[in-house]
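Structure first, then comments.
The values are calculated or read from the model by the stated rules, or taken from the named source; none is laboratory data. Remember, predicted model here, so these are calculated numbers, not experimental data. Here the Cβ positions follow ideal geometry from the backbone for every residue, glycine too, while neighbour counts run over all protein chains shown.
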Amino acid sequence: MAEEEEHIFIIPLRVTKTVPRTKRSPRAIKAIKDYIVKHMRVEKEDIWVDPMVNEAIWKRGRQNPPRKLRVKALKLEEGEVEISLPEE
């Protein structure tokens, strides 16, 4: 029986600057999922993003997401991954 894995990642979101201004925050969410798929070896359908992460992306609006974001990824026994902000 496998244990839960927990990792802290600093995800670069510079790819959001290459898309049109009005699509930057939605692209940032997609970039976070793509990063987790690559580094945690899971399927995109198995990723759950906490609403607090979504609020952190959208805090400055649709056109100006952060350049990087620190997140905590928790891989559950079922193979699902929960992405949340680390408690500081």
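For this structure, a couple of remarks:
- Check on residue 15, in a helix (DSSP H, G or I) and under 10 Å from the mean Cα position of the chain (by Cα): no
- The listed residues are 70, 60, and the only one of them that is part of a strand (DSSP E or B) and either exposed (fewer than 14 other Cβ atoms within 10 Å of the Cβ) or modelled with pLDDT under 95 (or both) turns out to be 70.
- Pairs meeting the criteria (first residue in the range 20-36 and in contact (Cβ under 8 Å) with a residue 12 or more places away in the chain and more than 22 Å from residue 8 (Cα to Cα), second residue not in a helix (DSSP H, G or I) and not polar (S, T, N, Q), beta carbons under 7 Å, at least 6 apart or on different chains) are 22/62; 24/62; 24/65.
- Sole residue being part of a strand (DSSP E or B), in contact with a strand residue (DSSP E or B) (Cβ under 9 Å, 6 or more places away or on another chain) and touching a residue at least 12 places away in the same chain (Cβ under 8 Å), chosen from 7, 39: 7
- Condition check for residue 17: of a type in the set (Lys, Arg) and surrounded by 13 or more Cβ atoms within 10 Å (Cβ to Cβ): no
- Any hit, the range 27-41, residues being of a type in the set (Lys, Arg), out of contact with any Gly (no Cβ under 6 Å at 6 or more places or on another chain) and at pLDDT below 95: yes
- Number of residues in the range 34-47 that are over 22 Å from residue 20 (Cβ atoms), surrounded by 14 or more Cβ atoms within 10 Å (Cβ to Cβ) and out of contact with any helix residue (DSSP H, G or I) (no Cβ under 6 Å at 6 or more places or on another chain) equals 4.
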